[in-house]
Amino acid sequence: MSNRRKTILKVIILGDSGVGKTSLMQQFINGKFSQQYKATIGADFLPKDMTIDDKQVTMQIWDTAGQERFQSLGVAFYRGSDCCVLVFDVTNTKSFENLQSWRDEFLIQANIKDPDNFPFVVIGNKIDVEENKRMVSAKKAQALCASLGNLPYFETSAKEAVNVEQAFDVVARCALQQEESLEYSDDYTDAVNIHVDGDNSTCGC
Amino acid sequence: MSIVFHEDYIPGSNYDDHSPAHSVKRKPSRVTVISRNLVPEDLLAKASPTSSVNRESVLETESSLGEPDVVLCESPATNVRRGEPSSSFSESRSGSNSIQPDDALSRILSPIVNDTRPSYNMAAPSIFSEQLSIPEQESFHPLVNMGLQLESADRSADERLFFSRKKHFFILSSAGKPIYSMHGSDDIIAVYSGVIQTIISLFQYGSDGGTEKLRSVVAEGPNGQHIKFLFLNLSPILLMTCSTLGESDVQLGQQLDFLYNFLLAALSKPHIDKVFQRRENFDLRNILGKTDIACFDAICNDLANFNNPGLIIEGLECLKLRSSIRDKISGILLQHKTENLLYGLLVAPGGRLVDVLRPKGQALKTTDLQLLFSMIYKTNTFKSARRPDQNDDRLSLTQNEDFWVPICLPKFNPNGFLYAFIQFVDLKDERLMKLHDLNTGILDDPDDKVGEFGPYQGTELTVILISAFKDRFYEMRNACNRIVRDLQLCRSVYRELYKGIVGTQGSDGSTGFPSGRVSPTDIPAPLVKHFVFKSKRDGQYGQYVYSRLQGNREELRLEENPQMRGQLMMIYSYLHSKHTSSIGMSSGVIREPSDADNDSPVSRRSYLDMVKWKVGSDYLTGVLISTPACDLYLINNGGVVDRQMLLDSCKKIIIWCRENERSLFIRSGAVF
């Protein structure tokens, strides 16, 4: 009965301030890049329609603020996510080192029941920079992703639109898989017994 | 889009508090909304400097318990209190008078009569003031055209249209995934569901670690109109409405409560809790069917267009019927009550109660019946084309078919399903009409003629038999058939039901308007165009009388027209909104409509308000009188009003309704 309606996928993007979360989003959704840095306050919400193997989905992307003062909203933002994207800046070692704490924070705050199977996608952004400015090697990043449970890893440039589509295609697939992972079982027709409060004689039930 | 709230607490802000001085302590605060692109810019951004936010700490919720004391502390010796700080009304409310609950009617009304101050309050929601120029000839319209624009649910992807809507309803999950929205495509609502979830969360998880509950925000729209946003956090379900129609917090809260209850009616509380416990990311739309969405649409349309009087008046309408006939019907219901029958209802078109069969001490709740009637009468679920050759889209209730519907009645018990057997019986049955000597001329007058003037209300009596057991279909059907047979064959019962629902019988063989509603002309009450009288002490429901319009035949034919009814109810809703906002909202709790009548602060006070509007060259006056025993809403149309005469008419209506309450209301129904 719900086949014709698009599935809504909640995707949350996390990472240190300034790693390019908003730029990735803008590139992915609008195909644009702006040199100007503008901090996200709270969260941005952007919708993106996609077709995954003939299935229509609407990605509800929660682009969160990396700045610490917005972290109290974590609980509210994280819960009920279908996929979490962890972003770091390949020119910023600290942002890479913080990945694991972003992930742990997410798992705790979102109260994920099966942490081992929750889909994360890791993105190393800003690969357009000169090689000598690059601080985190692909090998190092891949090693971390492997240790965290074989997380898919992408290297992107939001500026030059490298690999952005591909990364979000995998994000959407992971999210859809998560959304469908626990099929709804239609057990409510016989699950409930009616109690006629305080009535035990007259109505015969 | 981004949102940030800068909170700066302003001692003694301009926040408009109508509640009594001692009532719930609220923390006045101001919210600035900074928006980019997608914030409802028209709505929120422009309002930033002036918007006010009504919220309170969760910890303060107990303070509402103190509220009734405020009412009780009024000195019983004083007759009228007006403008005193301790009275229930602030000085600014001209035309509102606090009056003694237990006074005789004449004493209640006298203060207004003797009041020489200009007492008409011209302040009204923007919708009234926007439509001041009405062509001259419109003043002869049965009711002054107040310019109500009907609006209905849509799924348009046009954002401009989305923002031009005067009313929105959103239901979403705590994760921010949309469940239902009155307007907008998936793309639009996916975004705003996230925004709404964030706004609610900003207060729930404050940056200082505190927890607050956001209740409402008032913003100024692009045309200077006030837009009120009201939030209801019933985790795992969140609801929000925004409205430019001038409803009070209490009214909007009741509207959200009603929508929430329909969600429970469709799915039941434990079921909703269970799916979200298992997975917070669950898309609840997966288990809502098309009929559920259609019913949400119907409820929202009614709320946006003031088209369900019961939801505004907080009660149920009854079919006017001679009490001896109602007693006979109760006898028939009791005679055919079967072992597993829990509730029985006989309902006239439009959801007007005829009689109720119920266990002792187990009254059905008003909200539950309103939900049931919205499903039956406001959606197409139970309807079909009247004739196979009928090619327009007017549908009527399906006959010759029995329905067996699982439904959760949330106010009765949110934890389980009941099963409703539903059958529609057309009273316009040639065989029976001949048997009981009723004019058959009406059979040649096709329904289409009535339909030209508004939605066809129908001539069917609905029989609803509710059981707690899902395998009791045949038992219910047999009981129903026996009940229907007796109703049809008992001459006096059939004739009276026919007259009340289909039409009265003229001595010249003609068929007149049905007698199931009273008209102001039945009562010697001059100047009254229309009224609603709500009784608060009859039986278990808030029951009300919704009168006919006073006017000629053409006007009467228009009274079922949504535009006409919407305008009447818009005025009553405005009067009701002033009344409810004068009381304030019990903290954090949405009061259950009408079920708490005996205890609520509303009912302990008496209240009188008269509001006059100028529309073009025409005047319209609305009156609300509220006493512990009843509410009277009334409309006077046109010209300069003799206030003394109008108030005398109010008095006459109240006295008349009291004298005739046995035929106007169901006292206890058939109790077993």
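The values are calculated or read from the model by the stated rules, or taken from the named source; none is laboratory data. Being a predicted model, the structure only gives us computed values, none of them experimental. All Cβ positions, even for glycine, are placed from backbone atoms using ideal geometry, and neighbour counts span all protein chains on display. Surface areas here come from the heavy atoms of the whole protein model, side chains and all, with no ligands, DNA or RNA. Shrake-Rupley method; radii C 1.70, N 1.55, O 1.52, S 1.80 Å.
A few notes on this one:
- Shielding by partners for peptide A:43-53, expressed as the average number of C-beta atoms from other protein chains within 10 Å of each residue's C-beta, is 5.
- Nearest-10 value in Å² for the accessible area of B:Arg322, using the 1.4 Å probe: 130
- Surface analysis of the range B:159-287 yields an accessible area of 25 Å² per residue, using protein heavy atoms and a 1.4 Å probe.
- Taking all protein chains together and a 1.4 Å probe, the residues B:Ser164, B:Ser156, B:Ser173 rank B:Ser164, B:Ser156, B:Ser173 from largest to smallest accessible area.
- Cross-link pairs exceeding 26 Å between alpha carbons, from the set B:Lys337/B:Lys470; B:Lys320/B:Lys536; B:Lys228/B:Lys578; B:Lys365/B:Lys534; B:Lys337/B:Lys534; B:Lys274/B:Lys411: B:Lys337/B:Lys534.
- Heavy atoms of chains B and A lose about 4800 Å² of accessible surface on contact, summed over both sides with a 1.4 Å probe.
- The listed residues B:Asp437, A:Asp116, B:Asp368, B:Asp154, once ranked by accessible area (1.4 Å probe) with the largest placed first, stand as A:Asp116, B:Asp437, B:Asp154, B:Asp368.
- Listing of the range B:206-235 residues, each with accessible area lower by at least 20 Å² in the full protein assembly than in the chain alone (probe 1.4 Å): B:Ser207
- Residues in the range B:164-196 that, when all protein chains are in place, have 50 Å² or more less accessible area than the chain alone would give (probe 1.4 Å): B:Ala175, B:Lys177, B:Asp186, B:Asp187, B:Ala190
- Exposure of B:Trp656 as accessible area (Å², to 10), given a probe of 1.4 Å and all protein chains: 50
- Positive-end extreme of charge dipole, the range A:7-188 - chosen from A:Ala143, A:Met59, A:Phe120 (charges on Cβ): A:Ala143
- Among the GluC sites (Glu not before Pro) in the range B:306-341, those placed in a DSSP loop whose Cβ has at most 15 other Cβ atoms within 10 Å are B:Glu339.
- In this Cβ point-charge picture (+1 for Lys and Arg, -1 for Asp and Glu), the range B:159-287 has a dipole of about 280 debye about its Cα centre.
- Counting Cβ atoms of other protein chains within 10 Å of each Cβ in B:357-370 and taking the mean gives 2.
- Summed over the residues of the range A:7-188 and divided among them, the accessible surface reaches 44 Å² per residue at a probe radius of 1.4 Å.
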